[in-house]
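For reference, the structure discussed in these notes is given below.
The values are calculated or read from the model by the stated rules, or taken from the named source; none is laboratory data. Because the structure is predicted, anything quoted here is derived from the model rather than measured. As a convention, Cβ positions derive from the backbone with ideal geometry for all residues, glycine included, and neighbour counts pool all protein chains shown.
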Amino acid sequence: MGKRNRKLAKDKAPKKIEPKKPKGLTTDAFQNVLARMGLGTPNLMEGTEYPLTRLTNDYQLMNSLYRGHWIIRKIIDTIPEDMTRNWISITTQLPPDEIRKLDKLWRVRRIRQKILQGLKWGRLYGGAAGLIMIEGHEDILHEPLDYDTIMPGSLKGLMIVDRWSGIYPNPELVDDLDDPEFGLPESYQLTLEEGQTMKVHHSRIIRFMGRELPYWEKLAEVYWGASEVEVVYDELKKRDNTSWNIAQLIFLANLRVLKMKDMDQVLSIGDERAQRDLYNTVTAQNWLMSNMGLYVLGHEDDFATHQYTFSGLNDIYESFMLDIAGACQIPVTKLFGRAPAGLNATGENDMQNYYEIVQQQQESTLGPILDKLLPIMCMSEFGAIPDDLDYIFNPIRTPDDKEVADLADKKTKSIIETYNAGLISQKIAMKELKQMSDTTGMFSNITDEDIENADESTHQGELGFGGDIDYGGLMGSETPYRASLPQSDSTGVNKFRRVLDRFRRRLGNS
């Protein structure tokens, strides 16, 4: 009997409730069941979830935010505009007049503006594309682009479409390991405004991507990326709700309270006429109230005001602004147009970090686009592609006048010293000065005819490689064996200096 009773008591005893372990999570974490703290315990923190929303697919939401929300518009536009603002410098051995032809092609065909538009739509919708329009290729868009079929002057620009309005990737992927677009769609279905659909080979398409995604998510987005709005959407809701609540509190900043004796009885048991008279009386006094008016009260009535304090609200509001700026990688000073806060704050460190982010975006996003476009532009303009065709991104930050003057002075001295050392000819030196005009604004009056008339030979100085050698005082200002050394020819130097003087006088008269 004793064993049986003990068994029954054991069966009736309440079972210990073990905390539910979340699926897919490891159990090597902190846990305090009695205090309801840690993994799997019933507390507010453990109720947090991060569902997969894929806001990029909400086309109407993207359009509404871009059209109606100034913060979203700045987030989408700011980085692409800075990426393309100072553009690139082509570093090939082409003559300056040939490089100017390429610069004119950017402008005439508005290729730079189209690239900027594609970058914006790629950031907003997660993806966009640009069709390279070449005259005479209308019927062979499904074939790979052959540079030899590009006739002079046949490049007509770009046609930009976003991923929801005109272009859809085909399922076949690029399997050529030498192709830079290996693993991406081999062709696209392009829909024109007339409703006509055509197949376009990927070599004729420029891709503008949003934020990169893992493999399976990239498949879910049909080889496009994620919109920038996804990253900042939750932070944007916090900021907007806080801003609207602060605006609503302004209406409650000064509450006026009227205490009336027996008002509750008038409202509860009084007839409709008495209630209406009371309402009309209070309404009339409210309309007549001003800093020069009177408020008539009964003997036992009372009137009071209560002011609301807004201390601390600004700190909360600025915290949400910082979260938005951090999510979109744009400094608060640039995104919201605010002055740097704090003692001795200049915002230079924030802007330097931002410039590095833009430079990284130029290399990863804008670089592949230019690598694809520049050879096509050269074939359309010159009929050939230079072997040394390359480019560099110009500095994002625009220097002020003093910095430009210092830069021009240093560059000019470097060119003259290199010329005096006999390493370059007068013609090359003048080409360098002419090319320097793009960044400094100086020596822009040097014409191609002046460059052609310049001397192509290099003069030889002391020791056979230039004149005016500085020995740092180790051997004095002159060598005792100067007569036995070849003397430098100053004719070329004087001629070059006369040319510079002529241009300085021309600049002074203009």
Practice prompt. State whether one or more residues within segment 241-249 are hydroxyl-bearing (Ser, Thr, Tyr) and either over 16 Å from Gly122 (Cβ atoms) or surrounded by fewer than 15 Cβ atoms within 10 Å (Cβ to Cβ) (or both).
Written response: yes
Practice prompt. Could you tell me which residue of segment 443-460 is nearest to the chain's Cα centre (by Cα), considering only residues that are touching a residue at least 60 places away in the same chain (Cβ under 8 Å) and not in a helix (DSSP H, G or I)?
Written response: Phe443
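Yes/no per residue for (1) touching a residue at least 40 places away in the same chain (Cβ under 8 Å); (2) closer than 30 Å to Val358 by Cα:
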{"site": "Trp244", "(1), (2)": "no, no"}
{"site": "Met260", "(1), (2)": "yes, no"}
{"site": "Leu278", "(1), (2)": "no, no"}
{"site": "Gln307", "(1), (2)": "yes, no"}
{"site": "Ala327", "(1), (2)": "yes, yes"}
Discussion item. For segment 184-208, give me the residue count where each residue is farther than 19 Å from Ile111 by Cβ and in contact (Cβ under 8 Å) with a residue 40 or more places away in the chain.
Written reply: 5
Practice prompt. Select from segment 56-88 the residues that are under 16 Å from the mean Cα position of the chain (by Cα), of a type in the set (S, T, N, Q) and surrounded by fewer than 16 Cβ atoms within 10 Å (Cβ to Cβ) and list them in ascending order.
Written response: Asn86
Item to complete: Tell me which of these Leu249 doesn't satisfy, since it passes every other one: (1) outside the structural domain of Glu172 (by TED's automatic domain parsing); (2) within 26 Å of the chain's Cα centre (by Cα).
Response: (2)
Fill in: Per-region count, segment 404-442, residues small (Gly, Ala, Ser) and within 34 Å of the chain's Cα centre (by Cα)
4
Worksheet item: Of all residues in segment 265-281, how many are assigned to a helix (DSSP H, G or I), surrounded by 11 or more Cβ atoms within 10 Å (Cβ to Cβ) and not hydrophobic (A, V, I, L, M, F, W, C)?
Response: 5
Item to complete: Give just the number: which of (1) within 27 Å of the chain's Cα centre (by Cα); (2) modelled with pLDDT under 85 does Leu389 not satisfy?
Response: (2)
Worksheet entry | segment 385-398 - residue that is part of a loop (DSSP other than H, G, I, E, B) and hydrophobic (A, V, I, L, M, F, W, C) and, of those, surrounded by the fewest Cβ atoms within 10 Å (Cβ to Cβ) | Ile385
Worksheet item: Is it true that Met430 is under 23 Å from Asn86 (Cα atoms) and either in the same structural domain as Thr92 (by TED's automatic domain parsing) or not polar (S, T, N, Q) (or both)?
Response: no
Discussion item. Can you report the number of residues in segment 218-264 which are closer than 30 Å to Glu186 by Cα and either part of a strand (DSSP E or B) or of a type outside the set (Phe, Trp, Tyr) (or both)?
Written reply: 12
Worksheet item: Any idea which of (1) surrounded by 12 or more Cβ atoms within 10 Å (Cβ to Cβ); (2) under 23 Å from the mean Cα position of the chain (by Cα) is the one Asn170 doesn't satisfy?
Response: (2)
Worksheet, complete the sentence: Filtering segment 375-384 down to residues that are surrounded by fewer than 16 Cβ atoms within 10 Å (Cβ to Cβ) and of a type in the set (A, V, I, L, M) yields Ala384
Discussion item. Among the residues in segment 200-207, are any hydroxyl-bearing (Ser, Thr, Tyr), over 30 Å from Ser64 (Cβ atoms) and in the same structural domain as Leu116 (by TED's automatic domain parsing)?
Written reply: yes
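Residues being in a strand (DSSP E or B) and surrounded by 10 or more Cβ atoms within 10 Å (Cβ to Cβ): count how many of those fall in segment 296-322.
Of segment 296-322, the ones in a strand (DSSP E or B) are 302-307.
Checking which are surrounded by 10 or more Cβ atoms within 10 Å (Cβ to Cβ) leaves us with 302-303, 306.
Residues that pass the stated criteria total 3.
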Worksheet, complete the sentence: Picked from segment 392-423 (must be at negative phi and small (Gly, Ala, Ser)), the residue modelled with the highest pLDDT is Ser414
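Restricting attention to segment 57-98, report how many residues are part of a loop (DSSP other than H, G, I, E, B) and within 29 Å of Asn241 (Cα to Cα).
Within segment 57-98, the first condition is being part of a loop (DSSP other than H, G, I, E, B), and the residues that meet it are 58, 69, 86-87, 91-95.
Filter again for within 29 Å of Asn241 (Cα to Cα), leaving 58, 69.
Summing the residues that are part of a loop (DSSP other than H, G, I, E, B) and within 29 Å of Asn241 (Cα to Cα) in segment 57-98 gives 2.
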Item to complete: Go through segment 213-230 and give me each residue that's touching a helix residue (DSSP H, G or I) at 6+ places or on another chain (Cβ under 8 Å) and charged (D, E, K, R).
Response: Glu221, Glu228, Glu230
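How many residues are over 19 Å from Gly210 (Cα atoms) and either among the charged types (D, E, K, R) or not assigned by TED's automatic domain parsing to the domain that holds Asp77 (or both) if we restrict to segment 113-149?
First, pick out the residues of segment 113-149 that are over 19 Å from Gly210 (Cα atoms): 132-149.
The next check asks that each one be either among the charged types (D, E, K, R) or not assigned by TED's automatic domain parsing to the domain that holds Asp77 (or both); those that pass are 135, 138-139, 143, 146, 148.
Number of matching residues: 6.
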